Ligand SMILES: *[C@@H]1O[C@H](CO)[C@@H](O)[C@H](O)[C@H]1NC(C)=O
Ligand SMILES: [Zn+2]
């Protein structure tokens, strides 16, 4: 084509563009935005009126970053850790596979490297006997990392907030790793540092058992406190987590542990998968007096509470559904603020699911419910991921500052360990 044709063509393109902008502006100025079809609306920065379509538009920019997905334990239990046998591109048992992650607009999640509590008689009174737990945790981390590596077009390992964002910009699912209970540390802060080196970025202080560091809320009501919150060693653990940049996760902890940890931690904290006790009264949910410790004021700390979908934590039997989960989100938003709520479904770790939230493909249904309750796109973006990213950035800054100030690593040992006494040589 010659220069003249080229310039005529460019003029046509520009003219068409200007005409479209003019029409859009006219519609907008005359207040006829309600006449715009849901297909045209996003072109001029408006959301479709249909909350489900609006949810999908928002989630293209603000995909879900889930605080707790239990895929690795499913691989352990159903595949004996044989990653070759796992096909995440096909329909997987339970709630998570690649097609459903994509359909659900998932931008990232914490892969939970979970190993359960030992029985009381197996671990002994001092928690020192269940030595296989560290081995099994390493295997869980291995399964997560091997699966992430097996699907490089889908998953990208992420260890910082910047890496989460660049994975999402690249169209990948940012893959973070967390461990679910400080019992998985084998009572050792040195083990924490090595998990960090393998990519672990949160440690839940307890699972359903007490451990050498902190008290758990148990599962059913009535667990008897052991330390009344954090032990002295648990406080040292939090010091080291702050120095490294490992998020303190307060899901599963007792109320005493949670309120002590949120005050002690220099870095913002998370609840990777917990809902609101005022909405449904079970120990695993966060009570209002703890939610009130979240914020910028005196004696408060930044945090994000990522709502758990487990039906038994959401509502009375048979009543867990999208609306009930949205009630938890809104309650946490009401007490702590919309900047402090997130999503931590616990998919693959729960045996049943709320009606309408059957698997990772269904997050848009929850977002649509919140849009229909008046949540705007900024509120939604906070909920789906940016609240978590702010908390991660806060923890990264604390770690950087502590390291820059020359804070020494914590070498304290668990005082009940029989194998490492000081000795004159
Ligand atoms: C792992 O799974 C693959 C595919 O099903 C199978 O060929 C292989 O023998 C399995 N490996 C082990 C060690 O079981
Ligand atoms: Zn859990």
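The values are calculated or read from the model by the stated rules, or taken from the named source; none is laboratory data. Because the structure is predicted, anything quoted here is derived from the model rather than measured. Cβ sites come from the backbone with ideal geometry, for glycine too, and all protein chains shown count toward neighbours.
What number of residues within the stretch 193-209 satisfy the criterion of being touching a strand residue (DSSP E or B) at 6+ places or on another chain (Cβ under 7 Å) and either more than 15 Å from residue 116 (Cα to Cα) or in contact (Cβ under 8 Å) with a residue 60 or more places away in the chain (or both)?
Just the residues of the stretch 193-209 that are touching a strand residue (DSSP E or B) at 6+ places or on another chain (Cβ under 7 Å), to begin with: 195, 199-209.
Next, only the ones that are either more than 15 Å from residue 116 (Cα to Cα) or in contact (Cβ under 8 Å) with a residue 60 or more places away in the chain (or both) stay: 195, 199-202, 204, 207-209.
Here the count works out to 9.
Yes or no: the stretch 111-122 includes at least one residue that is closer than 26 Å to residue 248 by Cβ, within 16 Å of ligand 2 (Cβ to nearest atom) and assigned to a helix (DSSP H, G or I).
No, the stretch 111-122 contains no residue that is closer than 26 Å to residue 248 by Cβ, within 16 Å of ligand 2 (Cβ to nearest atom) and assigned to a helix (DSSP H, G or I).
Regarding residue 153, is this residue part of a loop (DSSP other than H, G, I, E, B), surrounded by fewer than 18 Cβ atoms within 10 Å (Cβ to Cβ) and in contact with a helix residue (DSSP H, G or I) (Cβ under 8 Å, 6 or more places away or on another chain)? First the steps, then the outcome.
Details: part of a loop (DSSP other than H, G, I, E, B): yes; surrounded by fewer than 18 Cβ atoms within 10 Å (Cβ to Cβ): yes; in contact with a helix residue (DSSP H, G or I) (Cβ under 8 Å, 6 or more places away or on another chain): no.
Criteria not met by residue 153.
Check whether at least one residue in the stretch 40-49 is in a loop (DSSP other than H, G, I, E, B), within 16 Å of ligand 2 (Cβ to nearest atom), out of contact with any helix residue (DSSP H, G or I) (no Cβ under 7 Å at 6 or more places or on another chain) and touching a residue at least 12 places away in the same chain (Cβ under 8 Å), and report yes or no. So that I can check it myself, show each step before the final result.
Of the residues in the stretch 40-49, the ones in a loop (DSSP other than H, G, I, E, B) are 40, 45-49.
Next cut, within 16 Å of ligand 2 (Cβ to nearest atom) only: none.
No, the conditions are met nowhere in the stretch 40-49.
What tally of residues in the stretch 202-234 results from selecting those that are buried (at least 20 other Cβ atoms within 10 Å of the Cβ) and under 15 Å from residue 263 (Cα atoms)?
Qualifying residue count, the stretch 202-234: 6.
Is the stretch 364-379 home to any residue that is in contact (Cβ under 8 Å) with a residue 24 or more places away in the chain and in contact with a strand residue (DSSP E or B) (Cβ under 6 Å, 6 or more places away or on another chain)?
No, the conditions are met nowhere in the stretch 364-379.
For the stretch 90-103, name all the residues that are in contact with a helix residue (DSSP H, G or I) (Cβ under 7 Å, 6 or more places away or on another chain) and either within 16 Å of ligand 2 (Cβ to nearest atom) or free of Cβ contacts under 8 Å to residues at least 40 places away in the same chain (or both). Walk me through how you get there before you give the answer.
Filtering the stretch 90-103 down to residues in contact with a helix residue (DSSP H, G or I) (Cβ under 7 Å, 6 or more places away or on another chain) leaves 93-96, 100-101, 103.
Those that are in contact with a helix residue (DSSP H, G or I) (Cβ under 7 Å, 6 or more places away or on another chain) and either within 16 Å of ligand 2 (Cβ to nearest atom) or free of Cβ contacts under 8 Å to residues at least 40 places away in the same chain (or both): 93, 94, 95, 96.
So residue 87 ticks every box in (1) at pLDDT 95 or above; (2) surrounded by 13 or more Cβ atoms within 10 Å (Cβ to Cβ); (3) over 18 Å from the mean Cα position of the chain (by Cα) but one. Which box is left unticked?
Of everything listed in (1) at pLDDT 95 or above; (2) surrounded by 13 or more Cβ atoms within 10 Å (Cβ to Cβ); (3) over 18 Å from the mean Cα position of the chain (by Cα), residue 87 misses just condition (2).
In the stretch 65-82, which residue that is away from ligand 2 (no atom under 16 Å from the Cβ) and surrounded by fewer than 16 Cβ atoms within 10 Å (Cβ to Cβ) is nearest to residue 306 (Cα to Cα)? Quick ask: steps written out before the conclusion?
So in the stretch 65-82, the residues away from ligand 2 (no atom under 16 Å from the Cβ) come out as 65, 75, 78-82.
Subsequent filtering for residues that are surrounded by fewer than 16 Cβ atoms within 10 Å (Cβ to Cβ) retains 78-80, 82.
Numbers: 78: 27, 79: 29, 80: 30, 82: 30 Å.
Once the filter is applied, the top-ranked residue is 78.
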